[in-house]
Amino acid sequence: MSTSAVDTLISACIRFLQAYPPFEQMEAAALRFLAERVRLQHYPKGARILSTEMGVAHALYIIHRGRVRAKSTVGLGSGETTSSTLGPGQAFAIGALMAQRPTFGSYEAVDEVFCYELAADDFFALTQKSSAFNLFCTQHIAGLLKQSQQQLQLQFAQRAAEQKTMNSPLAAVVKREAVAVATTASIREVVELMAERHLGSMVVVDEQEVPVGIFTLSDVLKRIVLPGASLAQPIATVMSPAPATLPLAANAHDAALLMAMRGIRHVLAVDEGGRLRGVVSERDLFKLQGAGLRQIRHAIDAANSLEVLQHARRDVRQLSLTMLAEGVGAAEITQFISTLNDTVTRRIIELNLERHDLYGIDWAWLSFGSEGRDEQTFTTDQDNGIVFICTDIMDRELTQLRFLDFARDVNADLDRCGFPLCKGNIMASNPDLCLTLEEWEERFARWVRMPEPQALLNATIFFDFRPLFGRFNLAHRLRRELFRQTRGNPLFLRMLAENALSVAPPLGRIRDFVTSTDPEHPGTIDLKTYGVRLFTDAARVFALANAVEATNTVQRLRRAGAVMNIGTDDLAASIEGFNFIQLLRLRHQHFEQEHGRPGDNLIRPDDLNEIERRVLKEAFRQARKLQARLKLDYQL
Amino acid sequence: MSWFSRLLGARDIPGVALTARQEQLLGGWQQLPDADLRRSHYRSRYVVIDVEASTGNPDTARLLSIAAVAVIDGQISFLDAWRLVLEEQAAGADPVPSPAVAATESLAGSSLADELISFLGFVGKAPMVAYNARFVRRLLQRTLAEHLGVRLRLPWLDLAWILPDLFREVDAGPARLDAWLEHFGISSIRRHEALSDALATAQLMQIAVAHAARKGIDTPANLRELEKARRHMHQSA
């Protein structure tokens, strides 16, 4: 080797690279590192440079001369490919290289092609050395994420299109079989039937099954109870005659119009013979429209019974599905679910406050865990507690008993409204979680001072607290005290970081993913434990270390990231990674529930399409990056 | 001392005085095993050479510089290159001689032997490749015999003969390296400078090897046969 010769060749290589992005932005030392390690390889015209069959990508390719045709498969099984031509200065196989997997699609030499090739190890070393190059790769991956999200949205849009719309004929809208009675039926019979079947209205038909009247619950009060009508009378005497009917072929929009014009809440669907075929209620149409957020909130706020709230919960689910279909991001959907669940919970608390007198006491209802982070999915159980102020220590026991009574009722009502009781008993009705402000503070302080395993576990649940009802300033005080404790105990944060690192992203060395060895769920990944947790745990440490008050993972990453000088692109990439995992969870839970199974978080990577697998892998890589930052910060 | 080294077989031509260290290095090179010419191109190391000389006659020209670039397993690494500048070319032919390079590389006779030994060390026993190999070989052999007392007996490949055979449709004309570079669009860092030309020639070698392999000519030995056959045909015609 002769240094002057080597220098000449390397300088020439650097001059070439500097004519193209991202190399023109690269630091001199990094560029030299690159030029020293590349090897110039030639591919004759028509040669296949890289393809899926060649296995895991082992090098980065930078075209020096000639053109390369890149073909990539767009979606799984669609067979659709896009083709593009790459020229000098363009690099390829970044995505495959970063994910340490085979490339999708193929690269072929259009003419005599010379490529600079950088071995995988050197490629990773370069991403460490050069922030400009790292940024370039990150943006490349972010582009992939976007591409995949568009695909997901497309899938859901197709599904939404199959769903009923306001243009659907009534035949498709009516669900239950119409329940009708003859004109001769007695009022007593009708009312009994309505009560038994939980019906809000009853259609009265003649011998030909043609509807002649309708009788609703509100008529009971006005036409029977107040006038003191005899229950033995035939229903025909109190029904509203000439009910509004539409042919089955009419669409939902016609029904909505008729209801609006006549100020009625039910429209009867009839066949050509005028015979009753079904009842369309305002609620049915409401669901079709995809109830808006405001309408549902309004319904919840006005609810005066648990039943209405149960309905509202179903509407929340329906609406979140519609949002999923419309391509609304996971962050917005989980936030939306949390907001509406909050509203339901608040209403349940209010309803219970009518029966429990807590007047004169300062207190707040707290949410923990995913609810505390505003990250609820379709399946979520209760995680809540109570904080209260007790001015007189003598009253403490008694006050707590009153709160526990109250909390038991709220927990039970929440359970009835679709928030299952917490198996781990993390509920306000647990005396351990219904405490005075001082007791909470003391408890938090103890966990921080003595970070034993259980304390760390508790921290991951309870430190994500958020006030839901009552005196929000109690939560604020609690948070300030928590920061005071964590600031004074660097060891705690270190232990918490260590705890966060106890679960690694399920990325395999040989296979793409490390899947569960549980014989009951082979080939799956639990996206809660091995997915979102990676992000939430890291974000929690960041937030506590930087006194970020937010509990939401995305907000924590944004705010703490700004303080920690994490680049905006890196930050955006990790947030997108987190959101992508959440989106997969939501979709999976929805699918499971649609098939009558309890929604779990077990994803089979083999069931995902190529791009999804690739993006999931990138998402895990983002989690690994966050973990790397923890390792660095806490020297772990 | 010369009888002793002749006994060891390190030196072919007596009468050149070398230091013990130089003798030792040269002996080490001599004893390297010959390259196996029957391995695939992509398992072989070729050394592509270019020289600058004072005139076009190999028997009288002075060697001005030597440059070599290795093609290993079909690839070029920029860390695997060698150059020696003995004398700057006449002004005008080489407009921007770097003074630093000139200072370190223009050598006094005493260390020229060291440089040539280092060159042999870089080459090893790899097959040598050049464009117009006969001229390069003659010049190198003369220089090595003169300064080291060594007869260079390595296999040579001449792209000026090989390329026309592989690409019969290309009319490059005899001895036109420029034409080939232009045909394949290979740009030179600085044309007519030995290292630049060696790199450009190495890229031609990569192309030649890839196309030869497609025709089943997949080892250095096969390439030599191809060259021999073509020479035979054309020179006897």
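FYI, it's all coordinate maths here, none of it is from the lab. Computed from a predicted structure; not experimentally measured. As a convention, Cβ positions derive from the backbone with ideal geometry for all residues, glycine included, and neighbour counts pool all protein chains shown.
A dipole drawn for the range A:472-622 from +1 and -1 charges on Cβ atoms has a positive end, and of A:LEU493, A:HIS590, A:ALA538 the residue lying farthest that way is A:LEU493.
The order of the peptides A:226-235, B:207-216, A:482-491 by mean Cβ neighbours within 10 Å, most packed first, is B:207-216, A:482-491, A:226-235.
Specify whether the C-alpha gyration tensor of chain A places it in the rounded, prolate or oblate class, a ≥ b ≥ c being the square roots of the eigenvalues: rounded for a/c under 1.5, otherwise prolate if a/b is larger than b/c and oblate if not. Provide the component values of the computation, followed by the final result.
Working: a/c = 3.44, a/b = 1.54, b/c = 2.23.
Oblate.
Of the residues B:THR219, B:THR55, the one with the fewest other Cβ atoms within 10 Å heads the list, and the complete ranking is B:THR55, B:THR219.
For chain A, the longest principal axis of the C-alpha atoms and the axis of helix A:252-262 are separated by about 40°. Look at the stretch B:202-211: the mean tally of other chain Cβ atoms within 10 Å of its residues' Cβ atoms is 4.
Neighbour counts of other Cβ atoms within 10 Å put A:PHE136, A:PHE406 in the fewest-to-most order A:PHE136, A:PHE406.
Take each residue in A:58-66, count the other chain C-beta atoms within 10 Å of its C-beta, and the mean is 1. Rounded to the nearest 10 degrees, the inclination of helix A:568-594 to the longest alpha-carbon principal axis of chain A is 40 degrees. Structural descriptor for chain A: relative contact order 11 percent, calculated from alpha carbon pairs under 8 angstrom and at least 6 residues apart. Only lysine pairs 8 or more places apart, or on different chains, with alpha-carbon atoms under 21 angstrom apart are counted in chain A, and they number 14. With the convex hull drawn around the C-alpha atoms of the range A:170-289, the volume per residue stands at 95 Å³. Against chain A, whose longest principal axis is taken from its Cα atoms, helix A:330-353 shows a tilt of about 30°.
The relative contact order of the range A:170-289, computed from alpha carbon pairs under 8 Å that lie at least 6 residues apart in sequence, is 29 percent.
Per-residue ellipticity at 222 nm computed for chain A from its helices equals -16000 deg cm²/dmol, with DSSP H segments shorter than 4 residues left out and the rest contributing -39,500 (n - 2.57). Entry note, the range B:160-237: relative contact order of 32 percent, from Cα contacts under 8 Å with a spacing of 6+ residues.
In terms of its alpha-carbon gyration tensor, the range A:30-136 comes out oblate; a/c meets the 1.5 threshold, while b/c is at least as large as a/b. The ranking of B:SER188, A:SER168 from fewest to most other beta carbons within 10 Å of each one's beta carbon is A:SER168, B:SER188.
Across peptide B:69-77, the mean count of Cβ atoms from other chains lying within 10 Å of each residue's own Cβ comes to 4. The distance linking the range B:159-237 with the range A:418-454 is 80 Å (Cα centroid to Cα centroid, whole angstrom).
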